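Notes follow once the structure below has been shown.
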Amino acid sequence: MIRIVLLSSTVGIWVGMSSSGQFRPFSAHHYSLIPFGRNGGFLNPKKSGTSPRARQSFSDHKLLPVSVDERENIFLMEILSMPTGLVPLDRSVIESRVRSCARLPSLGSVNSALRELLNADQRYTSQISEVIRRDPSLTSRLLRLVNSVYFGRSSQVNSIEEAVFYLGVRQIRQLAMVTPVIEDFQKLAGHAVFEWREFWQHCIGVAIMTREVLSTIQSPADDADYVAGLVHDVGKIVMASAFPAHFHSIHGQAAAAARDLCEIETEVLGMNHCELGALYLRNHILPEVMVESAAFHHQPERSTHYTSIVAAVQIADLLVRNARIGKSGNRIEVSSEDWMHAPGWDLLFPNPQEAEQAIARAGLQRSLERLPTILEGLV
């Protein structure tokens, strides 16, 4: 049975079943539905205010009330209102629309003053705090993170200087990258209805875990791995921005059946989010490590220049999905076997030594356990 849910306590969505046994959706966009409460209850099709069209539809179908799950499935209401009969687009049309998408200025230049301070041999808490204080959004995330349960403090931290002391350079550097990028992502996504907060958590979670995965084999020289993890799914945001009807249709189908998301995207739009993200990043002349991460995070063996980083992104993505942290839009379940036997793992550990791999797996599991509380403080 297709799962369609209630948008709110006052507007309902039902699934109607015809005499032929086929399910048909009814939404407030299509019919004059009568509100019902959170405890359910059937619509009275004879009640005044119900349109003739709705009354006829209700007389032809049995109505099944469906449970409420606003936070998780609110975007399905918008899916139902989308036009049917979508066809895949020609590559030339896709490329033209992607060229018109807004830039992500933060990817080209993260706060340079703060970055220079954090990379300096001598850095002072007061200087770092002063730069952070100029950015209200970064300040808010900083204080929210340091006061999260992850740090287990009994008293509230209200001072930026104190927050800088507790967080340390590494996490402040990550915050400085995450804050403007996620804000740019939000602008690019526009008004498309989706589980965006959970999606941002997925993106940031993959960025953090990419660093953890790569650190099991080498010491990262810069923040390229973290940014690569952060932007790996940018194609989904571009799709929501440039092709909203196709985007909603794709995720409606993904929610209804456990199918490979890339496969559905290619069928519905004509291009999957991997290729779309790489096209967008390349159009804006962004670093090749970002392009390869977007293009090959499901097939790291195809990476030509940044194989280790792209492999780490694949493992991080599978780890975060396996732990059900945030939501990527891909509904297929991921088991621990999936990430341990993924191509990315073999690329990172080409000479299998069980002791070495066991240590790496244990370290990644510990990092994964800490991740939800970190994300709660960030998003």
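Of the listed requirements (1) in a loop (DSSP other than H, G, I, E, B); (2) touching a residue at least 40 places away in the same chain (Cβ under 8 Å); (3) hydrophobic (A, V, I, L, M, F, W, C), ALA221 misses just one: (2).
Within the option set ILE237, ILE250, ILE264, being out of contact with any Pro (no Cβ under 6 Å at 6 or more places or on another chain) and surrounded by fewer than 21 Cβ atoms within 10 Å (Cβ to Cβ) holds for one residue only, ILE264. For the stretch 292-311, a tally of residues being surrounded by fewer than 22 Cβ atoms within 10 Å (Cβ to Cβ) and either under 18 Å from the mean Cα position of the chain (by Cα) or not in a loop (DSSP other than H, G, I, E, B) (or both) returns 4. Taking the stretch 312-326 as the range and being in contact with a His (Cβ under 9 Å, 6 or more places away or on another chain) and outside any helix (DSSP H, G or I) as the test, the residues that pass are ILE325, GLY326. Remark: LEU138 falls outside the filter, which requires a residue to be at pLDDT below 80 and not assigned by TED's automatic domain parsing to the domain that holds TYR280.
Of the residues making up the stretch 335-379, just one is modelled with pLDDT of 95 or more and assigned to a loop (DSSP other than H, G, I, E, B), namely ALA342. Once the stretch 144-168 is narrowed to residues that are within 23 Å of ARG211 (Cα to Cα) and under 26 Å from the mean Cα position of the chain (by Cα), the residue that is surrounded by the most Cβ atoms within 10 Å (Cβ to Cβ) is LEU145. Remark: HIS246 matches the filter, which requires a residue to be assigned by TED's automatic domain parsing to the domain that holds ALA316, assigned to a helix (DSSP H, G or I) and either modelled with pLDDT of 90 or more or aliphatic (A, V, I, L, M) (or both). A single entry from SER219, SER215 fulfils the requirement of being out of contact with any helix residue (DSSP H, G or I) (no Cβ under 9 Å at 6 or more places or on another chain) and closer than 24 Å to ARG366 by Cα: SER219.
Of the residues making up the stretch 360-379, those that are surrounded by fewer than 16 Cβ atoms within 10 Å (Cβ to Cβ), touching a residue at least 40 places away in the same chain (Cβ under 8 Å) and not hydroxyl-bearing (Ser, Thr, Tyr) are GLY363, ARG370, GLU376.
Against the condition at negative phi, touching a residue at least 60 places away in the same chain (Cβ under 8 Å) and either of a type in the set (A, V, I, L, M) or surrounded by fewer than 21 Cβ atoms within 10 Å (Cβ to Cβ) (or both), how does GLU275 come out, does it pass?
no
ALA316 passes every criterion in (1) closer than 22 Å to LEU371 by Cα; (2) surrounded by fewer than 21 Cβ atoms within 10 Å (Cβ to Cβ) apart from (2).
The values are calculated or read from the model by the stated rules, or taken from the named source; none is laboratory data. These figures come from a predicted structure and were not determined experimentally. We place every Cβ from the backbone using ideal geometry, glycine too, and count neighbours over all the protein chains shown.
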